[in-house]
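> Could you have a look at this structure, given as structure tokens, before my questions?
The values are calculated or read from the model by the stated rules, or taken from the named source; none is laboratory data. Treat the numbers as computed from the prediction; the structure is a model and nothing was measured. Heads up, the Cβs are rebuilt from the backbone with ideal geometry, glycines too, and the neighbour counts pull from every protein chain shown. Ligands, DNA and RNA are stripped out before the accessible areas are found, and what is left, the full protein with its side chains, is counted by its heavy atoms. Shrake-Rupley method; radii C 1.70, N 1.55, O 1.52, S 1.80 Å.
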Amino acid sequence: MNEANASPTTTAPGDGNVLVEIQNLKKYFPVKGGKGEGRYVRAVEDVSFQIHEGETLGLVGESGCGKTTLGRTIIRLYDPTEGRIFYRGQDITTAKMLPYRRKMQIIFQDPAASLDPRMTVGEIVGEALDIHGLTDTKQDRKDRIAELLSQVGLNSEQANRYPHEFSGGQQQRIGIARALAVQPEFIVCDEPISALDVSIQSQIVNMLEDMQAELKLTYLFIAHDISVVRHISNRIGVMYLGKLVELTESYELNRNPLHPYTQTLLSAVPIPDPQKSREKHRMILEGDIPSPINPPTGCRFHTRCPYAMERCKTEDPPFLEHAPGHFAACHLL
Amino acid sequence: MSEKNGDLLLQVEDLKVSFFTPAGEVKAVGGISYQLHHGEVMGIVGESGSGKSVEAYSIMGLLQSPGRVVGGSITLSGEDVLAYDKHQMRELRGGKVSMIFQNPMTSLNPVYTVGNQIVEALTTHKKVPREEARRRGLEMLELVGINNPEKRMKQYPHELSGGMRQRIMIALALICEPDLLIADEPTTALDVTIQAQILELMKDIQKKTHMAIIFITHNLGVVADICDRVSVMYAGRIVETGTVDEIFYTPTHPYTLGLLRSMPRVDAESYERLIPIQGTPVDMLNPPEGCPFAPRCEHAMKICLNQYPPATQLGEGHMVNCWLMQKDQVLEKEA
Ligand SMILES: Nc1ncnc2c1ncn2[C@@H]1O[C@H](COP(=O)(O)OP(=O)(O)OP(=O)(O)O)[C@@H](O)[C@H]1O
Ligand SMILES: Nc1ncnc2c1ncn2[C@@H]1O[C@H](COP(=O)(O)OP(=O)(O)OP(=O)(O)O)[C@@H](O)[C@H]1O
Ligand code: SF4
Ligand code: SF4
Ligand SMILES: [Mg+2]
Ligand SMILES: [Mg+2]
């Protein structure tokens, strides 16, 4: 077993080049007002991993565990409290971000809220082109907008319409076209399909897969739905209360979940198969998630873990490699 | 109550509900019929906007203007619910029929303590003395897995976590031992771990009390887990209905099939590309003629564009509305 606190190097797909690396990343938010004044929401606590070029790394975990905060901190929409961020080996922890903005984009959960209602679709997509001065002539710009819209399954006549004239699925396509406009290499997909109807979700998932193949994109894919995350990701990281508790190849996580939290998470997902559902034995987690302002000592999962031992209350388990490329943090292992 | 198990509780006949909007009439529910028996759990699945909530709200008399029942009947325990006056309707709600929602704050009153609301429900609907109501309230909170119920009774809804509020709402819905519980996406906003807790809880209570449940959800896993029967809605109609086994193992309607194969499954063992349902959801202001699924259906025939398909009975309770099941008629009409 290797101490892997600094940076788990794992057998990842893609061509093996590390595109994004984070080391011991932390993000704390100060609590304003009320009882918590002067204290911090410890949203991301000491997370390290690498994302390889062409790979999709999935992030799962319960609401409030820090997925969004981690995604936003990696692309420096938030400044990290501690730790380092590298992009193609360059330390960008405190770098000026404008040149990197072109390389790192984000797609949001709520398509309606992330599009300016007063701008036409053409203006929304074109704005990104303008900021980075990516087109020379008016015609160039128009062609590029048309190309982007067709890439996401919309047509160029729709460029003159406003976001509210589109369905949720189409609005998400617009958000994706905007992200693609600057020809990014890395996209944080933060719950890109959660707000969409089930019948539209699979259309968007397929589109993200096609884009990735065509444009050699690298994704950090965040979602609640572990089935979707597994489908689209090469590897999955499981977060609990700001910490990464397990990281491994997607289907390996299903076959062989090591961390008790991952096990309960997987066992809680209902199976769309009545027979299997009747036979399934559920591990039901007791209680709610503790507050990230005052997280439990030792292993943060000890207040709900069915296997918790004395030492779990005081000793924080290290994040170790237990099989090639399979990392987890638990004293049982 | 259990001696009623299996008896007819609710009969919905050709129910039609419209919203009269400035842009025109939205036929949100376009003629649906079904029966529900005591002790039965029926799931309703279907696309966003297909009329699941509107259908359920009609039973509770909760339709909001400009929505109106424009046809059909709803009969609960032999009584015509649509003929109820305001007073009778209020008696019904929270008494014989209860409803739980996606957002618990819809049914919890923010300015009263949890205890106040539970005691009030019992004294109003069941004429139970306050002391007795309090005792039963504490029992119910315990049953829904709330620890320290004495303390929770004194708290206001906003002082509780999301999962806890959901449980309180369920406790409140169940305290008067309804014959029918209507659950509209009760776990959609919750994390899977909390969802699993709530589903186990609902199954437990259902076994004990034998209430019937209408469970509205878009999550097929949840349906497989908790329901006996499922109705699949599309554009304001039930397009297929059957037992969970019939719908999951021998689905027949192209929309049902599309729904089942479009999402990745948690028990998948390797990657398979998804097969989406093509196209976009129906614009309910201008639904297409004939079968509303036709523009997205890979099997659509000429007749599908003109005429709504009649119901075909495939098994005792397995019904489907699709021209593919009416080959003889189609041949005759297309000829
Ligand atoms: N801007 C902020 N200021 C203060 N606290 C924040 C801020 N953003 C997030 N938090 C807190 O940090 C924690 C992690 O939140 P985050 O949104 O990252 O979780 P998440 O895993 O994305 O949850 P969800 O699944 O609900 O989207 C939460 O406790 C949240 O309340
Ligand atoms: N207040 C309203 N005014 C006008 N139309 C309405 C109103 N409420 C609902 N509708 C229409 O009725 C139809 C059915 O809505 P309903 O809320 O029952 O859908 P649903 O199946 O519950 O969808 P969801 O899964 O999104 O909850 C929709 O097409 C909607 O546009
Ligand atoms: S370290 Fe202890 S409390 Fe934490 S997951 Fe492992 S057994 Fe459970
Ligand atoms: S009736 Fe026709 S269009 Fe409708 S689902 Fe059946 S085959 Fe498809
Ligand atoms: Mg989030
Ligand atoms: Mg609804």
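> Just to be sure I understand, how many residues within the range B:248-280 are of a type outside the set (Ser, Thr, Tyr), buried (at least 20 other Cβ atoms within 10 Å of the Cβ) and within 9 Å of chain A (Cβ to nearest Cβ)?
Looking only at that region, the number is 8.
> Determine the pairs where a residue that is on the phi > 0 side of the Ramachandran plot, located within the range B:76-101, has a partner that is surrounded by 13 or more Cβ atoms within 10 Å (Cβ to Cβ) and among the small types (Gly, Ala, Ser) with Cβ atoms under 6 Å apart, the partner being 6 or more residues away or on another chain.
Close Cβ pairs satisfying both conditions: B:Gly94/B:Ala121.
> Do any residues in the range B:175-196 that are within 14 Å of chain A (Cβ to nearest Cβ) have Cβ atoms under 6 Å from those of residues that are outside any loop (DSSP other than H, G, I, E, B), where the two are at least six apart or on different chains, and which pairs are they?
What qualifies is B:Glu185/B:Ile216; B:Pro186/B:Ile100; B:Thr187/B:Gln195; B:Thr187/B:Ile198; B:Val192/A:Ala268; B:Thr193/A:Ala268; B:Ile194/B:Gly163; B:Ala196/A:Ala268.
> Output the number of residues of the range A:213-226 satisfying the condition of being within 14 Å of another protein chain (Cβ to nearest Cβ), away from ligand 1 (no atom under 12 Å from the Cβ), in contact with a helix residue (DSSP H, G or I) (Cβ under 9 Å, 6 or more places away or on another chain) and modelled with pLDDT under 95.
Here the count works out to 1.
> Same structure, new question: Looking at the range B:38-57, I want the residues that are at positive phi and have a partner that is within 16 Å of ligand 4 (Cβ to nearest atom) and open to solvent by less than 20 Å² (accessible area, probe 1.4 Å) with Cβ atoms under 7 Å, at least 6 apart or on another chain. Which pairs are those?
Filtered contacts from the range B:38-57: B:Gly46/B:Val232; B:Gly46/B:Met233; B:Gly46/B:Tyr234; B:Gly51/B:Met233; B:Gly51/B:Gly236.
> Shifting gears a bit: If you go through the range B:202-222 one residue at a time, how many are under 24 Å from B:Val266 (Cα atoms) and within 14 Å of ligand 2 (Cβ to nearest atom)?
Total meeting the criteria: 7.
> Are any residues in the range A:267-276 surrounded by 20 or more Cβ atoms within 10 Å (Cβ to Cβ) and either part of a helix (DSSP H, G or I) or more than 9 Å from every other protein chain (Cβ to nearest Cβ) (or both), and if so, which ones?
Of everything in the range A:267-276, those that are surrounded by 20 or more Cβ atoms within 10 Å (Cβ to Cβ) and either part of a helix (DSSP H, G or I) or more than 9 Å from every other protein chain (Cβ to nearest Cβ) (or both) turn out to be A:Ala268, A:Pro274.
> Here's another thing I want to ask about it. Out of (1) of a type outside the set (D, E, K, R); (2) closer than 30 Å to A:Arg304 by Cβ; (3) part of a loop (DSSP other than H, G, I, E, B); (4) within 16 Å of ligand 2 (Cβ to nearest atom), what's the single condition that is false for A:Leu258?
Unmet for A:Leu258, out of (1) of a type outside the set (D, E, K, R); (2) closer than 30 Å to A:Arg304 by Cβ; (3) part of a loop (DSSP other than H, G, I, E, B); (4) within 16 Å of ligand 2 (Cβ to nearest atom): (4).
> Given the options A:Glu286, A:Glu321, A:Glu315, name the one that is within 14 Å of chain B (Cβ to nearest Cβ) and either open to solvent by 20 Å² or more (accessible area, probe 1.4 Å) or outside any loop (DSSP other than H, G, I, E, B) (or both).
From the options A:Glu286, A:Glu321, A:Glu315, the qualifying one is A:Glu286.
> Among residues belonging to the range A:81-101 that are in a loop (DSSP other than H, G, I, E, B) and either of a type in the set (Val, Ile, Thr) or in contact with an Asp or Glu (Cβ under 9 Å, 6 or more places away or on another chain) (or both), point out the one that is most open to solvent (accessible area, probe 1.4 Å).
Only one residue fits best here, namely A:Thr94.
> Could I ask something else about it? On the given criteria, is B:Ala133 open to solvent by less than 30 Å² (accessible area, probe 1.4 Å) and either within 28 Å of A:Glu62 (Cβ to Cβ) or within 24 Å of the chain's Cα centre (by Cα) (or both)? If you could, list the steps in order and put the result at the bottom.
Numbers: open to solvent by less than 30 Å² (accessible area, probe 1.4 Å): yes; either within 28 Å of A:Glu62 (Cβ to Cβ) or within 24 Å of the chain's Cα centre (by Cα) (or both): no.
No.
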